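Engineer: Let me begin by handing over the structure; questions about it come next.
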Number of protein chains: 2
Amino acid sequence: MKASDRRPLIFVTNDDGVQAAGIAALMRLATEFGDVVVVAPNESYSGMSHSITMQRPLFVSAVSAEPGLEVYSCTGTPVDCVKIGFDEILADRGGVPDLVLSGINHGSNANVSVVYSGTMGAATEAAMYGIPSIGFSLTDHSPAADFTASVHYAREIIDRVLRMPAERLAGLCLNVNVPDIPPAEIKGIRVCRQTRGNWREDFVHRTDPQNRDYYWMSGRFYNFEPEAEDTDEWGLRNGYATVVPVQMDLTDYSRLASLGELLDR
Amino acid sequence: MKASDRRPLIFVTNDDGVQAAGIAALMRLATEFGDVVVVAPNESYSGMSHSITMQRPLFVSAVSAEPGLEVYSCTGTPVDCVKIGFDEILADRGGVPDLVLSGINHGSNANVSVVYSGTMGAATEAAMYGIPSIGFSLTDHSPAADFTASVHYAREIIDRVLRMPAERLAGLCLNVNVPDIPPAEIKGIRVCRQTRGNWREDFVHRTDPQNRDYYWMSGRFYNFEPEAEDTDEWGLRNGYATVVPVQMDLTDYSRLASLGELLDR
């Protein structure tokens, strides 16, 4: 956190688009904690992972502005929104915020879904700038999902994160998922690790009016360790809001030494 | 590897598109080792990371076929190509190949660029299916880059990987980068870890003929540890072809315990 004599500057984005119910809930919540700048995609960028736009230029539009809450839409991905938000929109405010919030996503980003998630792409991008970030997701894909419980737990987690000492905030990135069950049945918050597993596809194959074959992606998650109680899938299935700390060093340290013996020369 | 009485089935993709010089070099090289099926994007998908296409259907076209080398193009991302390749194109050949090769990318995917890379998105996706995979990149962005040295080192690495025992192959994923220097000056192969750092943007801001502001992404890599000799950036700068083993468990294990104390309840 910067000097405590001013309100924190909080940057909000998502991957469902600036018009989604989930980001409306999150930006309102964020105003309880600080001054808020929103830069979010102008349409859905679900499944866009950590992608950036290199083949075409980006356009940014002011959507609304009131004291303490500015909203912009951008024609790019969630990661683009973070980058252009920091470099252009926040240029006269130090270039970076105190905290980045992404979501609330309509749908789970638990397990390996974190890898495909645009919501978490934006959060991890912020963390790569050293800015603490939190991605929030609700395990309900519907546009009209009820974000009451998500907002409750988001408020508690944001409050605790903003009270953390500065040395623990640098690069902090949290993947928070809230189960789609009645709020009173949620048991609490549980810090977990990412569940091992994979998404395997079963494409829907159809033929268009011009007689061309086309394919819709459709798959499901296979949990490689359904019994492990320290995973986010176990936590969600057992009624917890789950928190997985995330980092982006992809090095497989367990293989470094043996690969060195095989390949170094 | 499957039964040794048949040639390995090798799947090839990339993110520069099926027409790129880099994938032409890689698919030809792959035919030295096995039967080859190529499914690659129909245009450039650079910077697409691990993104998947959920908002529109995918189309697949046969590009060419000769004994031992089938080539298809797909209207999706590199990860889409892996998924539709496994689920549809390889459906009658067991649904998965023995090895996945991605590239050769026109441009470096060393350091944190691995996170943004479509080339490595495809490779890591294959590894999530348990299939060994290797992404190859040359630190030269030009369409007419010289892939001679890359092919030389790719041949050596593929040969060594195909000789590894099965238990070491499951989920193996390698990020290989070859420096853009005269082949004779390359010192050899060096297994490394991912360099810590980040890409920071400096958008090019212009006005279009309709007087709308637009922005082109443009940035550069900041190396947080230029002196560390075990990183891929150090290896490339010092004349080595670098190999980083990659995995996709993003959990920040170093923060699990302290976050649990702060948040569990």
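Engineer: Just a yes or no: is a residue in the range A:59-76 modelled with pLDDT of 95 or more and under 16 Å from the mean Cα position of the chain (by Cα)?
Structural biologist: Yes - at least one qualifying residue is present in the range A:59-76.
Engineer: Let me ask something additional. Just for the range B:16-71: of the residues that are within 12 Å of chain A (Cβ to nearest Cβ) and of a type in the set (D, E), which one is farthest from A:T124 (Cα to Cα)?
Structural biologist: Looking at the filtered set, the residue picked out is B:E43.
Engineer: Which condition number does A:S46 fail, the rest of (1) at pLDDT 95 or above; (2) crowded, with 22+ Cβ neighbours inside 10 Å; (3) in contact with a Gly (Cβ under 9 Å, 6 or more places away or on another chain) being met?
Structural biologist: So the condition that A:S46 fails would be (1).
Every residue, every condition in (1) under 17 Å from the mean Cα position of the chain (by Cα); (2) closer than 24 Å to A:V100 by Cβ; (3) touching a residue at least 24 places away in the same chain (Cβ under 8 Å), yes or no:
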site	(1), (2), (3)
A:D159	no, yes, yes
A:A166	no, yes, yes
A:L172	yes, yes, yes
A:A184	no, no, no
A:I189	no, yes, yes
A:G197	no, no, yes
A:Q210	no, no, no
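Engineer: Next up: Would you point out which residue out of B:E167, B:E225, B:E229, B:E156 is closer than 30 Å to B:E32 by Cβ, acidic (D, E) and at pLDDT 95 or above?
Structural biologist: Selected residue: B:E156, the only one of B:E167, B:E225, B:E229, B:E156 that is closer than 30 Å to B:E32 by Cβ, acidic (D, E) and at pLDDT 95 or above.
Engineer: I need every pair where a residue in the range B:85-102 that is without any contact (Cβ under 8 Å) to a residue 12 or more places away in the chain has its Cβ under 9 Å from the Cβ of a residue that is of a type outside the set (F, W, Y) and in a helix (DSSP H, G or I), sequence separation at least 6 or different chains.
Structural biologist: Between residues of the range B:85-102 that are without any contact (Cβ under 8 Å) to a residue 12 or more places away in the chain and residues that are of a type outside the set (F, W, Y) and in a helix (DSSP H, G or I), the close pairs are B:G95/B:D87.
Engineer: Does B:A122 meet the test of being closer than 14 Å to B:T242 by Cα and either modelled with pLDDT of 95 or more or of a type in the set (S, T, Y) (or both)?
Structural biologist: The answer is no for B:A122.
Engineer: Separate question: Taking the range A:100-122 as the search range and keeping residues that are of a type in the set (G, A, S) and under 8 Å from the mean Cα position of the chain (by Cα), which one is farthest from the other protein chains (Cβ to nearest Cβ)?
Structural biologist: Here the residue is A:G103.
Engineer: Within the range A:158-174, track down each residue that is within 10 Å of chain B (Cβ to nearest Cβ), in a helix (DSSP H, G or I) and crowded, with 20+ Cβ neighbours inside 10 Å.
Structural biologist: A:V161
Engineer: May I ask you to list the residues in the range B:217-230 that are more than 9 Å from every other protein chain (Cβ to nearest Cβ) and open to solvent by 40 Å² or more (accessible area, probe 1.4 Å)?
Structural biologist: Once the filter is applied, which keeps residues that are more than 9 Å from every other protein chain (Cβ to nearest Cβ) and open to solvent by 40 Å² or more (accessible area, probe 1.4 Å), the range B:217-230 yields B:S218, B:R220, B:Y222, B:N223, B:F224, B:P226, B:E227, B:E229.
Engineer: Looking only at residues that are in a loop (DSSP other than H, G, I, E, B) and open to solvent by 40 Å² or more (accessible area, probe 1.4 Å) in the range A:203-216, which one is nearest to the other protein chains (Cβ to nearest Cβ)?
Structural biologist: A:R212
Engineer: Okay, next question. Take the residues in the range A:231-265 that are more than 9 Å from chain B (Cβ to nearest Cβ) and among the aliphatic types (A, V, I, L, M); name whichever of them is farthest from A:F136 (Cα to Cα).
Structural biologist: A:L236
Engineer: In the range B:17-35, is there at least one residue being over 21 Å from B:R155 (Cβ atoms), open to solvent by less than 10 Å² (accessible area, probe 1.4 Å) and in contact with an Asp or Glu (Cβ under 9 Å, 6 or more places away or on another chain)?
Structural biologist: Yes, there is a match, as at least one residue in the range B:17-35 is over 21 Å from B:R155 (Cβ atoms), open to solvent by less than 10 Å² (accessible area, probe 1.4 Å) and in contact with an Asp or Glu (Cβ under 9 Å, 6 or more places away or on another chain).
Engineer: While we're on this one: Checking A:R200 against (1) of a type in the set (K, R); (2) surrounded by 20 or more Cβ atoms within 10 Å (Cβ to Cβ); (3) part of a strand (DSSP E or B), which single condition isn't satisfied?
Structural biologist: (2)
Engineer: Collect the residues in the range A:231-256 that are under 19 Å from A:P179 (Cα atoms), open to solvent by 40 Å² or more (accessible area, probe 1.4 Å) and under 21 Å from the mean Cα position of the chain (by Cα), keeping them in residue-number order.
Structural biologist: A:W234, A:R237, A:Y240
Engineer: Answer yes if at least one residue in the range A:88-95 is in a helix (DSSP H, G or I) and at the interface with chain B (Cβ under 9 Å from one of its Cβ atoms), and no otherwise.
Structural biologist: yes
Engineer: On to the next question. What pairs can you find where one residue is in the range B:216-242 and without any contact (Cβ under 8 Å) to a residue 60 or more places away in the chain and more than 13 Å from B:I186 (Cα to Cα), the other is among the small types (G, A, S) and outside any helix (DSSP H, G or I), and their Cβ atoms are less than 6 Å apart, with a gap of 6+ or different chains?
Structural biologist: Filtered contacts from the range B:216-242: B:Y222/B:G197; B:F224/B:G197.
Engineer: Restricting to the range B:123-157, what's the tally of residues that are open to solvent by less than 20 Å² (accessible area, probe 1.4 Å), assigned to a helix (DSSP H, G or I), closer than 15 Å to B:S102 by Cα and more than 12 Å from chain A (Cβ to nearest Cβ)?
Structural biologist: Residues that pass the stated criteria total 2.
Engineer: Are any residues in the range A:184-197 under 18 Å from A:W234 (Cα atoms) and away from every other protein chain (no Cβ under 11 Å), and if so, which ones?
Structural biologist: Residues satisfying the conditions are A:E185, A:I186.
The values are calculated or read from the model by the stated rules, or taken from the named source; none is laboratory data. All of these numbers come straight from a predicted model, not from anything done at the bench. Here the Cβ is made from the backbone with ideal geometry for all residues, glycine too, and neighbour counts use every protein chain on show. Heads up: the accessible areas ignore ligands, DNA and RNA and are worked out on the full protein's heavy atoms, side chains in. Shrake-Rupley method; radii C 1.70, N 1.55, O 1.52, S 1.80 Å.
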